[in-house]
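S.K.: Okay, handing you the structure first.
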Amino acid sequence: MHAFRAYLIMRRRLIGRQLWEVGWVRLALLVPVLLIVVGRALVLAAGSPRGQWAVPVVVFLLLASAHRQRGDLRFLAISAPSFRRWLALEYALWALPVAMVLMLLDDWAAAALTLLLAPAVAAVPPAREAQSTRHKPRSLFRSEAFEWVSGMRRGGWAWPVLLAGALWQHGSPLAPVLALGGWLLVLMACYGVPEPHTMLVLAARTLGQFLRRRLLLGLSYAALTATPFLWLLAGTTAGLGGAMAVAMAWLGLVALLILTKYAFYPNALHIRFSQALLVGVAVALPANPVYPPLLLAIVGGLIWQSQRRLRRELGQPHTPLIPD
């Protein structure tokens with residue numbers, strides 16, 4: 001127990017340094033938004049006889065995704081043979097607030113399943129280390145779309161899982177919408193990792209052309225992978241009009257994720273927190289009267305900041321994203 005306490009102190013200090021790097025302004029904006037979004041999602045899921053069982057699965061998948069990307073697993077394996085028990089306890093602590101909310105909403109079985117599945121994440125193997133090009137399987141995506149090539153190797157398994165869940169509840173418009181939300185989180189992970197500066201320099205002939213090309217590739221693949229979910233949505237009470245509206249909003253969010261990546265390049269931590277804040281605002285405030293002007297300010301700010309950041313990284317003169 002003493003070793004586990006020391007491990008928790010180490011983790012607390014590490015997370016504290018990361019939060020300090022993010023800054024109190026971003027945290028003051030992000031934390032309330034995330035609490036609103038997560039709270040609404042839990043209340044909505046708890047009110048559905050089937051939706052409540054999705055909560056333990058979603059918590060497990062989120063923890064597993066974070067676990068597989070941890071950089072200290074090899075260190076822990078060498079320094080502490082019993083490290084998986086530490087991880088199991090840590091993940092149970094992360095899942096405890098969600099389980100307590102489910103208990104308050106009288107979903108005791110779902111809460112118990114959440115606490116049972118969370119420690120099992122410790123048994124999930126880490127993401128495979130980079131292999132040589134000779135041994136990598138050929139990707140279905142263009143090598144230029146490197147976010148999709150590397151991201152789908154790590155998280156591409158989520159697409160058939162989400163599609164199966166949407167097909168299972170195909171009569172409800174909520175199922176494909178939630179599946180699209182889950183797929184957006186996968187894409188957010190893909191675009192949360194900045195490429196090395198050398199790749200940026202080699203790919204960017206001109207700044208405006210570079211950003212347009214990144215948006216074109218990203219939105220094309222995003223639209224292609226989202227088509228089955230939108231087709232299922234069009235077959236529900238939402239109809240074709242509802243599916244088109246969801247498609248426009250969803251693709252707009254993907255475009256903003258791409259712009260956010262380059263607006264805060266090359267700081268991966270700032271990119272991920274800003275993307276999380278962006279998605280949280282988009283989910284929490286669509287019915288709020290301040291949402292349209294806030295959205296316009298976000299879009300304009302991201303376009304300006306992404307061009308400004310890339311100009312500094314590339315040393316190029318101003319080239320508009322949208323030509324005159």
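S.K.: With respect to Thr236, determine if the residue is assigned to a loop (DSSP other than H, G, I, E, B), open to solvent by less than 60 Å² (accessible area, probe 1.4 Å) and of a type outside the set (Lys, Arg).
M.R.: Judged against the criteria, Thr236 is a match.
S.K.: Taking the residues in the range 130-141 that are surrounded by 10 or more Cβ atoms within 10 Å (Cβ to Cβ) and under 22 Å from the mean Cα position of the chain (by Cα) as candidates, determine which candidate is modelled with the highest pLDDT.
M.R.: Of everything passing the filter in the range 130-141, Phe141 is modelled with the highest pLDDT.
S.K.: Within the range 142-157, restricting attention to residues that are touching a Gly at 6+ places or on another chain (Cβ under 9 Å) and hydrophobic (A, V, I, L, M, F, W, C), which residue is nearest to His67 (Cα to Cα)?
M.R.: Top of the filtered list is Trp148.
S.K.: Restricting attention to the range 185-194, and to residues there that are outside any helix (DSSP H, G or I) and open to solvent by less than 10 Å² (accessible area, probe 1.4 Å), which single residue is farthest from Arg272 (Cα to Cα)?
M.R.: Ranking the qualifying residues of the range 185-194, first place goes to Tyr191.
S.K.: Determine whether the range 142-165 contains at least one residue that is modelled with pLDDT of 85 or more, more than 17 Å from the chain's Cα centre (by Cα), crowded, with 16+ Cβ neighbours inside 10 Å and part of a loop (DSSP other than H, G, I, E, B).
M.R.: yes
S.K.: Pick from Pro228, Pro293, Pro266: which is open to solvent by 30 Å² or more (accessible area, probe 1.4 Å) and either touching a strand residue (DSSP E or B) at 6+ places or on another chain (Cβ under 8 Å) or not in a helix (DSSP H, G or I) (or both)?
M.R.: Exactly one of Pro228, Pro293, Pro266 is open to solvent by 30 Å² or more (accessible area, probe 1.4 Å) and either touching a strand residue (DSSP E or B) at 6+ places or on another chain (Cβ under 8 Å) or not in a helix (DSSP H, G or I) (or both), namely Pro266.
S.K.: For the range 202-212, does any single residue satisfy the condition of being in a helix (DSSP H, G or I), in contact (Cβ under 8 Å) with a residue 24 or more places away in the chain, basic (Lys, Arg) and surrounded by fewer than 20 Cβ atoms within 10 Å (Cβ to Cβ)?
M.R.: For the range 202-212, residues in a helix (DSSP H, G or I), in contact (Cβ under 8 Å) with a residue 24 or more places away in the chain, basic (Lys, Arg) and surrounded by fewer than 20 Cβ atoms within 10 Å (Cβ to Cβ): present.
The values are calculated or read from the model by the stated rules, or taken from the named source; none is laboratory data. All of these numbers come straight from a predicted model, not from anything done at the bench. Cβ: placed from backbone, ideal geometry, glycine included. Neighbour counts: every protein chain shown. Surface areas here come from the heavy atoms of the whole protein model, side chains and all, with no ligands, DNA or RNA. Shrake-Rupley method; radii C 1.70, N 1.55, O 1.52, S 1.80 Å.
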